[in-house]
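The values are calculated or read from the model by the stated rules, or taken from the named source; none is laboratory data. Predicted model only: the values in this text are computed from it and were never measured. Using ideal geometry, Cβ is built from the backbone for each residue, glycine included, and neighbour counts are taken over all protein chains shown. Areas reflect the complete protein model, heavy atoms only, side chains present, ligands, DNA and RNA absent. Shrake-Rupley method; radii C 1.70, N 1.55, O 1.52, S 1.80 Å.
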Amino acid sequence: MIGSLDARIPAGSLENKWTDHKFSMRLVNPNNKRRFDIIVVGSGLAGASAAASLGELGYRVKVLTYHDSPRRAHSIAAQGGINGAKNYQNDGDSVFRLFYDTIKGGDYRSREANVYRLAEVSVDIIDQATAQGVPFAREYGGLLDNRSFGGAQVSRTFYARGQTGQQLLLGAYSALMRQVAAGTVELHTRSEMLELVMHDGRAVGVITRDLISGEVQAHSAHAVVLATGGYGNVYFLSTNAKMCNVTAAWRAHRKGALFANPCYTQIHPTCIPASDDFQSKLTLMSESLRNDGRIWVPQTHDDGRGPDEIPDDDRDYFLERKYPAFGNLVPRDVASRNAKAVVDEGRGVGPLCNGVYLDFSDAIGRDGADVIRAKYGNLFDMYERITGENPYQVPMRIYPATHYTMGGLWVDYELMSNVAGLFVLGEANFSDHGANRLGASALMQGLADGYFVLPYTIGNYLADYLGEAALNPNEPVFKDAKQQVTDEVARWLSIGGTHSVDYYHRELGKLVWDYIGMSRNQTGLEKALSEIAALGEEYHRNVRVLGSADTLNQSLEKAGRVADLFELAELMARDALTREESCGGHFREEHQTEEGEALRDDEQFAHVAAWEWQGAGTASTRHREELAFENVELTQRSYK
Amino acid sequence: MSARINLTLKVWRQAGPDTEGAFVVYEATDISTDASFLEMLDIVNERLIDAGEEPIVFESDCREGICGTCGLMINGRAHGPQKGTATCQLHIRSFNDGDHITIEPWRASSFPVLRDLAVDRRALDAIISAGGYITVNTGSAPDANLIPVPKETAETAFDAAACIGCGACVAACPNSAAQLFTAAKLQHLNLLPQGQAERWERTEAMVETMEAFFGSCTNHGECEEACPKEIPIDFIAWANRDYIKAKVKNRKLAG
Ligand SMILES: Cc1cc2nc3c(=O)[nH]c(=O)nc-3n(C[C@H](O)[C@H](O)[C@H](O)COP(=O)(O)OP(=O)(O)OC[C@H]3O[C@@H](n4cnc5c(N)ncnc54)[C@H](O)[C@@H]3O)c2cc1C
């Protein structure tokens, strides 16, 4: 049993915690590092940066990814930018301000110490990436340029056209491949982790399935690092890459790792609305567009006119009207809920009336089309390719879509889960964003975890196991775990039901979107619990997975992932139901101010909810980590 | 605007790396022109599963043209008919009712077929590990604004860095050369001040690793046509010049 959750936050002042802690943690000397095996699952920003840094330090690292190349991890798709408290713009930014904005943006549901450390190392990330050759945008003098992002009043976002994630990942990937060449990192692509292996209460390895040959393999190590991304695809339609899933984290959860705040999911305000039911994913238009685009809908319901026929007086620039200080740059949750409200009122635009306008005509008039093209050209092109409409001439149509998941495996200050030897990085952990993540902060967090936090903290854990060899992968614990995976694979192939995996995934997604989406209420959540369970039961009985286990079999891969999403969805509903307040991305209709803003309950809910698995069909146990706020005052977020 | 059309697909099916493959014809009926090309294949696959047949294996992930996972030969053209567009961004509105579409995997000996339309592109990673990086251990970087980079240089390096590593350049090349990929990767780093220290070593190592896996370039220019990021072939000329210089300089350094 788990007692009260201790995040092991170091004592001392906020400013000195990390520096002091780095000094007090135990070190592993260079010769001994060579004797430690570390498994890193995931090659996105968090995994690649961690594996490269650990390899440089001399550890023996094994990287596992289901992608065909580490460079294809979902991080590649991030568009807008990465925050760094450099204050290059001399506009009043500082580590404390980035810390403050992140805590406030997260609606006071994150840990002060972690967030401060994140802000502190943010400046090093920019240096590291630049030295690797990441081509951040520059000004004419050759120095780095910045833009502003939602939830901030300073310009601290570094960007690389609309391809910031790609360029940062290529940087981390190149560092990783350097270590592969140096022999410190062993790379296994197209290997999917399907089980965490535990021994004596510690994580000692994983089981993978080779996606080409189907071979089930055991990997043993002194520590396991999960950097396996978020679970946004529980909604089926999201901006996440198609293969994103929760399996690695979920299998660890089933082995005892606590899953924290699963109901904190983020809906991104600027995505292209769905066009039909064959839609396979939603495309994000970077939120940086909100710097120059103005969001509006017609004043009246069912206004049949085209956007160019609607005069200014008949338009409602609803964000500028309601939030004069931040205008179109309010945080994501605020922008999303307001868009939903106007569409629900019947003022939505487009053929399915499921969007709002994001209009660049003023910006083009002011700066000229060339300036706008230089800033957003590739996003405009992408929009045109998908919709067949030219945004230089016609306003874009946008609508919120699931984009990011703040919840994830619970970790302490050292990024270790409650399972000894299991570390969790990047979007897969729950750590730094509270109930809502600010734009350009996920890339920052993934790289902070991988480059600058884990390389220190993992040594503090490993120091205890000096001289101990990693377990032999032929030990019974590994054999049993392999058998479990083999049996599971065989079970999917033997069901022979009538509907495809995708069919069930889509149906699950609809339930999750309807009941655990942008706004939630008790009735809906209770319904979600029973309907998800019923659909999940049918899934296990009636899914159709064709083919065999010893070939590249994409339906088979998806079958296990979707099963885990079903279990996760139930936990999301339970978490959302228990959290009787609104905060950040979690909006409970029962808890709102008279103006319709999120109403927190700090008395009862200023804590992290971390859930313990109790077996399929049994309700999970809720644990709490109390959040102490010593450096910021809890206020109601206001962006007016 | 949006309409529904019928297509006839001729798709390469191959059960595994060591088995023979063949074309199979499928009727893709009643497809919305708003669907993406891959969504059309999703629909075909759903129908195959309903009929008890194994779905067509094709790869994709981001479906936004940035991860480089997808990549099909569509009517003999890498990524299909639309210029500067990855397969996942191609939409059915680019086709007409009644069209016959041939769909094949990348064809290159260095990209063995794994199954149906999926290929193994690990040879591209090998080129990167040969030298496609700047050696800078975590934590050792100077302040990012210490070295100004002229905007123009940064922009040109970016044009090269935009490569998504899809392998269309190789697939389109009659010789299956990987010159455009390698040149883009090289010039991204070789143009930047940060990349100068290892410029000559990098150039030699990457070019020679490329040659170990891929065919040689005879300036057909098909790669530029096929590149979804429209990376210009000029980078190849640039890289070739760097390679000649590298050979000379590296000999001197060695001597
Ligand atoms: C469209 C889009 C745009 C975004 N733009 C921004 C932005 O501008 N700024 C910002 O800060 N954030 C942005 N984000 C968020 C950000 O990109 C992600 O949160 C972040 O990149 C996640 O990185 P990661 O390393 O944690 O995980 P990922 O990049 O998702 O990597 C996960 C890795 O784990 C591997 N993996 C997962 N499960 C398994 C398994 N079972 N076995 C083996 N391997 C496994 C995968 O193969 C992959 O390598 C954006 C997100 C989206 C969807």
Check your understanding: How far apart, in nm, are two points set 7 Å out from the Cα along the Cα-to-Cβ line at B:A237 and at A:D91?
Key -> 4.1
Practice item. Mind pulling the per residue volume of the convex hull built on the Cα atoms of segment B:70-179? Å³ is fine. Key: 156
Check your understanding: So how strong a dipole does the protein assembly as shown carry about its Cα centre when Lys and Arg Cβ are +1 and Asp and Glu Cβ are -1, to the nearest 20 debye?
Key -> 2300
Review point. Put B:S110, A:S4 in order of accessible area, largest first, 1.4 Å probe: what do you get?
Key: A:S4, B:S110
Point to revise | 4 °C / 1.567 mPa s Stokes-Einstein diffusion coefficient of segment B:4-115, Kirkwood radius on C-alpha pairs, µm²/s | key: 90
Review point. Other chains' Cβ within 10 Å of A:120-126 residues: what's the mean?
Key: 2
Practice item. Please list the radius of gyration and Dmax for segment A:506-552, considering alpha-carbon atoms only, with Å as the unit. Key: 14.5, 45
Practice item. Place +1 on the Cβ of every Lys and Arg and -1 on the Cβ of every Asp and Glu in the protein assembly as shown, take the dipole about the Cα centre, and give the residue among B:N96, B:C166, B:F111 whose Cα lies farthest towards its positive end. Key: B:F111
Exercise for review: Would you mind checking which residues have amide H under 5 Å from A:D359's amide H? H placed 1.01 Å from N; only 5 or more apart, or other chain.
Suggested key: A:R294, A:I295, A:W296
Review point. How big is the convex hull of the Cα atoms of segment A:88-149, per residue, in Å³?
Key: 95
Review point. Measuring from the lowest to the highest alpha carbon on each principal axis, how far does segment A:1-146 reach, largest first, in angstroms?
Key: 48, 41, 31
Study note, to complete from the structure: Projected onto their principal axes, the Cα atoms of segment A:188-316 stretch, largest extent first, over whole-Å spans of 69, 32, 24
Practice item. Could you tell me what percent of the DSSP beta bridges with both partners in chain A are antiparallel, to the nearest 5? Key: 70
Point to revise | Modelled FRET efficiency - R0 45 Å, A:Y317 with A:Y140, Cβ distances, 0.05 increments | key: 0.85
Review point. Taking segment A:159-231, which chymotrypsin sites (Phe, Trp or Tyr not before Pro) meet the DSSP loop condition and have no more than 10 other C-beta atoms within 10 Å?
Key: none
Study note, to complete from the structure: 1/(1 + (r/R0)^6) with r = Cβ-Cβ of A:I495 and B:L146, R0 = 35 Å, i.e. FRET efficiency to nearest 0.05, evaluates to 0.05
Point to revise | Shielding by partners - mean other protein chain Cβ count within 10 Å, residues of A:69-75 | key: 5
Study note, to complete from the structure: For segment B:139-154, Karplus-derived ³J(HN,Hα) couplings (6.51, -1.76, 1.60; θ = phi - 60°; whole Hz; x for glycine and proline) come out as x, 9, 7, x, 4, 4, 9, 5, 10, x, 10, x, 3, 5, 4, 4
Check your understanding: Per the Debye formula with a single identical scatterer at each Cα and no solvent contribution, what log10 I(q)/I(0) holds for segment A:311-389 at q = 0.11, 0.25, 0.27 Å⁻¹?
Key -> -0.36, -1.30, -1.27
Revision key, fill the gap. For the A:Q522, A:N16 Cβ pair and Förster radius 60 Å, calculated FRET efficiency rounded to 0.05 is 0.85
Review point. Using only the Cα atoms of segment A:384-425, what do you get for the radius of gyration and for Dmax, in Å?
Key: 20.4, 57
Check your understanding: How much accessible surface does A:R347 have with a 1.4 Å probe, in Å² rounded to 10?
Key -> 20
Point to revise | Label-to-label distance, nm, for residues given as B:T218 and A:S638 (7 Å Cα→Cβ offset) | key: 7.4
Exercise for review: Could you check the simple spin-label distance between A:L466 and B:S94, using points 7 Å along Cα→Cβ, in nm with one decimal?
Suggested key: 6.0
Review point. Once you charge only the Cβ atoms, +1 for Lys and Arg and -1 for Asp and Glu, what is the size of the charge dipole of segment A:286-432 about its Cα centre, to the nearest 20 debye?
Key: 120
Exercise for review: Go through B:227-238, A:423-434, A:393-404 and give me the packing order, highest mean Cβ count within 10 Å leading.
Suggested key: A:423-434, A:393-404, B:227-238
Exercise for review: Could you tell me whether segment A:476-622 comes out rounded, prolate or oblate from its Cα gyration tensor? Rule is a ≥ b ≥ c as square roots of the eigenvalues, rounded for a/c under 1.5, then prolate if a/b exceeds b/c, otherwise oblate.
Suggested key: prolate
Revision key, fill the gap. Hits for chain A under the membrane-span-like helix rule (DSSP H, Cα axial span at least 20 Å, Kyte-Doolittle mean at least -1.0) are A:112-132, A:164-182, A:369-387, A:476-495, A:501-515, A:522-542, A:554-578
Practice item. Using only Cα positions of segment A:268-402, each an equal point scatterer, no hydration layer, compute I(q)/I(0) via Debye at q = 0.13, 0.14, 0.22 Å⁻¹ and quote the log10 values to two decimals. Key: -0.50, -0.58, -1.57
Check your understanding: Which chymotrypsin sites (Phe, Trp or Tyr not before Pro) in segment A:600-640 pass both tests, a DSSP loop state and at most 14 other beta-carbon atoms within 10 Å?
Key -> A:F629
Point to revise | Kirkwood Rh in Å, taken over all unlike Cα pairs in segment B:121-254 | key: 15.2
Practice item. Stick to the Cα atoms of the protein assembly as shown, pair each with every other, and give me the Kirkwood hydrodynamic radius in Å at one decimal. Key: 27.6
Practice item. Specify which residue in the list B:L41, A:Q484, A:V41 is farthest towards the positive end of the charge dipole of the protein assembly as shown, using unit charges on the beta carbon of Lys, Arg (+1) and Asp, Glu (-1), about the Cα centre. Key: A:V41
Review point. Convex hull over the alpha-carbon atoms of segment B:116-166: what's its volume per residue in Å³?
Key: 111
Check your understanding: For the charge dipole of the protein assembly as shown, defined by +1 on Lys and Arg C-beta atoms and -1 on Asp and Glu C-beta atoms about the Cα centroid, which residue among B:C223, A:L54, A:N146 has the Cα displaced farthest towards the positive pole?
Key -> A:L54
Check your understanding: If you bin every alpha carbon distance in chain B into 5 Å steps from zero, what whole percent lands in each bin?
Key -> 1, 6, 12, 16, 16, 14, 11, 8, 7, 5, 3, 1, 0, 0
**Study point:** Amide hydrogen neighbours beyond the local backbone of A:D316, cut-off 5 Å, H modeled
**Key:** A:V297, A:Q299
Check your understanding: Using a 1.4 angstrom probe and counting only protein chains, how large is the accessible area of A:E567 in Å², to 10?
Key -> 40
